[in-house]
Amino acid sequence: MNTLYEKVLSGERIDFDEARRLYLDADFHELGFLAHAVRMAKHPEPVVTYVSDRNINYSNVCVCGCKFCAFYKGPEQDGGYVLSHEEIGRKIKETIDLGGTQILMQGGHHPTLPLSWYEDMLHYIKDNHPVHVHAFSPPEIVYFSELNGLNVAEVIRRLHAAGLDSIPGGGAEILVDEVRSEIAPNKCPAGQWLGVMEEAHRQGLKTTATMMFGHVESPDQRLEHLFAVRESQDKTGGYTAFIPWTFQPDHTALPHCRKLTSVEYLRTLAVSRIVLDNVDNIQVSWVTMGPGIAQMGLHFGGNDFGSTMIEENVVKAAGVSFRLTKEEINRLVKDAGFTPAQRTMDYSLLEKSL
């Protein structure tokens, strides 16, 4: 194990078997030390970034029926909605008034909204609000393409022209089709998820990547996910950050799954930092783990505290709800021994809180 530790500390790339050894067998504190060393080599200044934004779910109507989702409503089910332009505009104005610079927009696979609806929404936003639009996960884009009889490249081109600035890494879950077919059989397979991201990168859009873990997948399948992202990043270099977060089983169709422990989360975070040597930023998940574990994550490879998340609905629907203001994030980051700094989606710094 010492030889492997030395390899990591020297900045050499590790392979799948070496990643498995670290994940399964490395001492917990030593693994954290290694991940933090990799993080500090990439970011020598003790700065922890975050973005001030809001999650806006433009609709909760979805035909996908993913077993892990407690948020969606079927097309004929009570409680389904589609936000009007005016409602979206009000939420964006509130966000900007609170110092926000970005909105994260995602929805379900709505069966009757044409691509022009999304283009009109983007035009409305850009015509009325100076805000970065980080929107439409790869499964949404694949669904748009199928529903409208267009290829993925054309869908991305049209959305970009209408005002889309970047694409979030949602809908990745675990990038292994054996897992996806069990928890989300109607969602695009792993290859299509990666294909959307690589096409977006070719068109000049930056994206993030995520991993939702702790449901039906094995530790090896989590590692397969990490290596798929690493290979994709080798091709295009378009991922700005990686965000691993734990599945929340309450109120879902997978209630038998246990919630992962903080130790399991931190081990996964640390291995993510070590494996993804070509992704600059690793984000901790205070939304699912709580602020205290997120602070610990800053010593297990994380260098980004995510977002203020002025509004969040999907994880909340599964019974987990943490809320943090900009001031609280600044305090938490300082208490963990770092300097907080607000950023944009591409990690340009806006201000440091000294």
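The values are calculated or read from the model by the stated rules, or taken from the named source; none is laboratory data. The structure displayed is predicted, hence computed values, not measured ones. Cβ atoms come from the backbone with ideal geometry, glycine included; neighbour counts cover every protein chain shown.
Side notes on the structure shown:
- Residues located in region 126-141, provided they are within 23 Å of residue 96 (Cβ to Cβ) and either acidic (Asp, Glu) or touching a strand residue (DSSP E or B) at 6+ places or on another chain (Cβ under 9 Å) (or both): 126, 127, 129, 131, 132, 133, 134, 135, 136
- Failed condition for residue 64, given (1) in a loop (DSSP other than H, G, I, E, B); (2) surrounded by 16 or more Cβ atoms within 10 Å (Cβ to Cβ); (3) out of contact with any Gly (no Cβ under 7 Å at 6 or more places or on another chain); (4) in contact (Cβ under 8 Å) with a residue 60 or more places away in the chain: (3)
- Conditions (1) out of contact with any Lys or Arg (no Cβ under 8 Å at 6 or more places or on another chain); (2) surrounded by fewer than 16 Cβ atoms within 10 Å (Cβ to Cβ); (3) within 28 Å of residue 295 (Cα to Cα): number failed by residue 137: (2)
- Selection status of residue 14, part of a strand (DSSP E or B) and β-branched (Val, Ile, Thr): no
- Selection over region 108-128 of residues that are surrounded by 16 or more Cβ atoms within 10 Å (Cβ to Cβ) and touching a helix residue (DSSP H, G or I) at 6+ places or on another chain (Cβ under 7 Å) gives a count of 8.
- Lone qualifier among 91, 126, 73 - being touching a Gly at 6+ places or on another chain (Cβ under 9 Å), among the basic types (Lys, Arg) and more than 18 Å from residue 204 (Cβ to Cβ): 73
- Filtered residue count, region 142-175, keeping only those that are crowded, with 19+ Cβ neighbours inside 10 Å, out of contact with any strand residue (DSSP E or B) (no Cβ under 7 Å at 6 or more places or on another chain), farther than 15 Å from residue 104 by Cα and not hydroxyl-bearing (Ser, Thr, Tyr): 7
- Number of residues in region 17-54 that are part of a loop (DSSP other than H, G, I, E, B) and either basic (Lys, Arg) or under 22 Å from the mean Cα position of the chain (by Cα) (or both): the value is 2.
- Leading residue by the ranking (farthest from the chain's Cα centre (by Cα)) among those in region 217-242 that are over 12 Å from residue 172 (Cβ atoms) and among the aliphatic types (A, V, I, L, M): 223
- Residues that are within 20 Å of the chain's Cα centre (by Cα) and part of a helix (DSSP H, G or I), drawn from region 161-191: 177, 179, 180, 183, 190, 191
- Matching residues, region 192-206, being in a loop (DSSP other than H, G, I, E, B) and either buried (at least 23 other Cβ atoms within 10 Å of the Cβ) or within 17 Å of the chain's Cα centre (by Cα) (or both): 205
- The helices (runs of 4 or more DSSP H) located wholly in region 236-354 that include 2 or more residues which are within 22 Å of residue 43 (Cβ to Cβ), at pLDDT 85 or above and among the polar types (S, T, N, Q) occupy 262-275.
- Within region 83-115, the residues that satisfy the criterion of being farther than 15 Å from residue 136 by Cβ and among the hydrophobic types (A, V, I, L, M, F, W, C) are 92, 96, 98.
- Among the residues of region 91-103, none qualifies, meaning not one is within 24 Å of residue 246 (Cβ to Cβ), among the β-branched types (Val, Ile, Thr) and under 20 Å from the mean Cα position of the chain (by Cα).
- Filter result for residue 236 (surrounded by fewer than 22 Cβ atoms within 10 Å (Cβ to Cβ), among the β-branched types (Val, Ile, Thr) and touching a Phe, Trp or Tyr at 6+ places or on another chain (Cβ under 9 Å)): no
- Checking each residue in region 23-44 for being within 18 Å of residue 282 (Cα to Cα) and touching a residue at least 40 places away in the same chain (Cβ under 8 Å) picks out 23, 31, 32, 34, 35, 36, 38, 39, 42, 43.
- Restricting attention to region 206-242, the residues that are over 20 Å from residue 195 (Cβ atoms) and aromatic (Phe, Trp, Tyr) total 1.
- If the condition is being in a helix (DSSP H, G or I), touching a residue at least 24 places away in the same chain (Cβ under 8 Å) and farther than 18 Å from residue 155 by Cα, then region 68-123 contributes 85, 88, 89, 91, 92, 93, 94, 95, 96.
- Contact map, region 259-280: first residue more than 14 Å from residue 300 (Cβ to Cβ), second residue of a type in the set (Lys, Arg), Cβ cut-off under 6 Å, separation 6 or more or different chains; pairs are 277/13.
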